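Just so you know, all these numbers are worked out from the coordinates, no wet-lab data involved. Worth saying up front: this structure is predicted, and the values here are computed from it rather than measured. Backbone-built Cβ (ideal geometry, glycine too); neighbour counts: all protein chains shown.
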Amino acid sequence: MAQMLSKKDSAAKIKRAVRRHLRLSRRHPDGEAKVIAQRILEPMAALERAVAAASAAADAAEDAFDDWNQEDHLLDQQVRKLGFRCREWDASRPGDQTLRRVFGGLSASEVTRMPRHEQPDFVVKMVVRGRELPAGHSGAELLDDLARLAQSSRRAHRAYLDAEQRVGAANAAVEMARLVVVRAYRDNYIDIERASGSEVADACFPILRRSRRDIEEEREVPPDVEEASAGA
């Protein structure tokens, strides 16, 4: 009996096996085998569409992560800028302690090292505290941009989570389509065998896995080669 595909085989391996099965069936003179073999075209096309969709979803998730990472960097820059202006203000007015008040007792670097998904919420609290900065404080002009960047980082995070969910759904669709092709491949063999006999069925399916015996024979050195080496 011909070797069947396994549920563990990758989509790429399945695609190669189906291509070879179709080619062998078309080359065989048995007309009924040709007709039966064609039935796998539709499930194979569905698998290829699912694989393409999964690849596109993975690309989109990578892009969404890059966008989120970039938004986080922009937010960090603004946090550091505000920290610098607060330190600058406090250097000449030690009693104001605007850095401690706005940053809640943390340093700017501690805020920028926060987990990406947590930082925007903390920054929003900073903006609220920053509204109480003394008149003339140069950090006050940064607050609106800081709030906007925190919101952009939040949106980018949500977009990334949504993209990751789409990746999971797309991969699940690939798994389902892959199993359908594996069953169709097996059904083709059974139906060709019933219609035209096992000899025709075996001829219409490729060898997918070499036997251990074949591999061991390839490793053996032919006797004439051994004799020639000894004579040299």
*What pairs come up if the first residue lies in the stretch 83-94 and is within 14 Å of residue 136 (Cβ to Cβ), the second is outside any helix (DSSP H, G or I) and among the polar types (S, T, N, Q), and their beta carbons are under 7 Å apart, counting only those six or more places apart or on different chains?*
90/97
*Name, by its number, the condition in (1) under 17 Å from residue 196 (Cα atoms); (2) free of Cβ contacts under 8 Å to residues at least 60 places away in the same chain; (3) in a helix (DSSP H, G or I); (4) out of contact with any His (no Cβ under 9 Å at 6 or more places or on another chain) that does not hold for residue 73.*
(1)
*For the stretch 95-137, which residues satisfy the criterion of being without any contact (Cβ under 8 Å) to a residue 24 or more places away in the chain, part of a loop (DSSP other than H, G, I, E, B) and on the phi < 0 side of the Ramachandran plot?*
95, 106, 113, 114, 115, 118, 131, 135
*Can you spot a residue in the stretch 40-52 that is at positive phi and surrounded by fewer than 19 Cβ atoms within 10 Å (Cβ to Cβ)?*
no
*Can you name the residue in the stretch 158-192 that is surrounded by 18 or more Cβ atoms within 10 Å (Cβ to Cβ) and touching a Lys or Arg at 6+ places or on another chain (Cβ under 7 Å) and is also nearest to residue 131 (Cα to Cα) among such residues?*
182
*Filter the stretch 1-39 for residues that are more than 36 Å from the chain's Cα centre (by Cα) and in contact (Cβ under 8 Å) with a residue 40 or more places away in the chain and give the result.*
1, 28, 30, 32, 33
